[in-house]
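Undergrad: Structure incoming, see below.
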């Protein structure tokens, strides 16, 4: 006598066989570019009816099994038990639906890199991308399910821009793949964000920037008023406030990174890391440079000025510990005068300066500035962000709450093996300039171009919110002949 579980197993096996036959019938007519003939259509409809009956039987037995399970003593089933059951069923030609999950722990951003590689190799063909994922990453369910959803027509709105229509995320054929997609897309953001200056604000002990929506006018107060004591019956004096208004419109940063196809191989985990790192670097470099470089001025309707552009600049006065402390006092002077809250202050410096400070020792051989390393930390008790994109000789003091930031938190990535690019960091428009610019073909050079785009904009809330030192050579030996 069969148990309910055994009967369910048999019914599901039969249903799977029927479903496979229906797919074969449909695929045959599709491959031959015709409609089903009378015999095929009749057989398809008969099998479909049998599948409906099987579904009803499976549902009833499943409900009965659930009722019995409430009064049963739960058994402990191990991964070895599942594997044994799967092997026994396979020997009988039965698919049990019991799977031992892959416990592979992937580094952040690797799933996104796999998704991008499958999409790239398929050259935009969603069905082929799905098949590539099934072949190369069969245990990576989130990538496989997402590409399967795309192959079936789900609109994800482009890489990193998942659009989810109304529905349930528990439905394995509808919204669930989109949730999988958002999960591993978010995994890439988690990998990318800590590498950028902007992304480090609001992390750990670093105060966050002042987030606002795009295209909304924000009124800000640039100076405070004064209150006064007033005697009985005396007129009350007026006080004045200064205000400004900020509106951060849509602004988009785009960067292109090129890799040779030989480096993008499904068989190599290092290739996955290479793709992930290249995508993150393409997003971060332009943002970090333009966020902090004092020379970066605003371009109307294109890009914002850096937070240091037009801010107070203070010349560094020396490189030993006493001179450093004096530099810091003078750097803070504009902050103190403007009564900026020191609790939301953050230092920004390049990794070379941070390393030099971390190596400085006092006369007793103790670390002069404990808490700081070339990776960041705190400098004189203030949180410090370190970046390789900060110009040499610049140390910035930022009041984080005085920086408006509009950011949709998404990255859109596209890839092409057919594009031709100007391999320059300042490409020109040939038709406008009338000059010929050498173009490099991705197809001809067996290369792949990745384009990363992000909608983001920022602005200083008030001029006193940022000050910076110039000519910084802290901890470095004095130049020959210098003081």
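Undergrad: Kindly indicate whether any position in region 346-354 is modelled with pLDDT under 90 and surrounded by fewer than 21 Cβ atoms within 10 Å (Cβ to Cβ).
TA: no
Undergrad: Check region 381-389 and report whether any residue there is outside any strand (DSSP E or B), surrounded by fewer than 14 Cβ atoms within 10 Å (Cβ to Cβ) and modelled with pLDDT of 90 or more.
TA: Yes, some residue in region 381-389 is outside any strand (DSSP E or B), surrounded by fewer than 14 Cβ atoms within 10 Å (Cβ to Cβ) and modelled with pLDDT of 90 or more.
Undergrad: Kindly list, by first and then second residue, each pair from a residue in region 261-288 that is assigned by TED's automatic domain parsing to the domain that holds residue 350 and within 16 Å of residue 416 (Cα to Cα) to a residue that is loosely packed, with under 15 Cβ neighbours inside 10 Å and at pLDDT 70 or above, limited to pairs with Cβ atoms under 6 Å and residues at least 6 apart or on different chains.
TA: 261/446
Undergrad: Next up: Please work out if residue 334 is in contact (Cβ under 8 Å) with a residue 24 or more places away in the chain and within 20 Å of residue 205 (Cα to Cα).
TA: Against the criterion (in contact (Cβ under 8 Å) with a residue 24 or more places away in the chain and within 20 Å of residue 205 (Cα to Cα)), residue 334 does not qualify.
Undergrad: Tell me which residues, restricted to region 204-222, are surrounded by fewer than 16 Cβ atoms within 10 Å (Cβ to Cβ), in a strand (DSSP E or B) and modelled with pLDDT under 80.
TA: 217, 219, 221, 222
Undergrad: While we're on this one: Quick one: which of 351, 358, 387 is within 30 Å of residue 213 (Cα to Cα) and assigned by TED's automatic domain parsing to the domain that holds residue 277?
TA: After applying the criteria, what remains is 387.
Undergrad: Do you know which of the residues in region 96-111 that are modelled with pLDDT of 75 or more and closer than 12 Å to residue 137 by Cβ is surrounded by the most Cβ atoms within 10 Å (Cβ to Cβ)?
TA: Within region 96-111, the match that is surrounded by the most Cβ atoms within 10 Å (Cβ to Cβ) is 111.
Undergrad: From (1) over 27 Å from the mean Cα position of the chain (by Cα); (2) within 20 Å of residue 466 (Cα to Cα), pick out the condition that doesn't hold for residue 356.
TA: Evaluating residue 356 over (1) over 27 Å from the mean Cα position of the chain (by Cα); (2) within 20 Å of residue 466 (Cα to Cα) leaves (2) as the failure.
Undergrad: If you scan region 118-140, which residues turn out to be at pLDDT below 80 and outside any loop (DSSP other than H, G, I, E, B)?
TA: 119, 120, 121, listed by residue number.
Undergrad: Same structure again: Looking for whichever is at pLDDT 70 or above and under 24 Å from the mean Cα position of the chain (by Cα) here; the options are 449, 415, 419, 392. Which one fits?
TA: Numbers: 415 fails: at pLDDT 70 or above; 419 fails: under 24 Å from the mean Cα position of the chain (by Cα); 392 fails: under 24 Å from the mean Cα position of the chain (by Cα).
From the options 449, 415, 419, 392, the qualifying one is 449.
The values are calculated or read from the model by the stated rules, or taken from the named source; none is laboratory data. Given the structure is predicted, the values throughout are model-derived calculations rather than measurements. Heads up, the Cβs are rebuilt from the backbone with ideal geometry, glycines too, and the neighbour counts pull from every protein chain shown.
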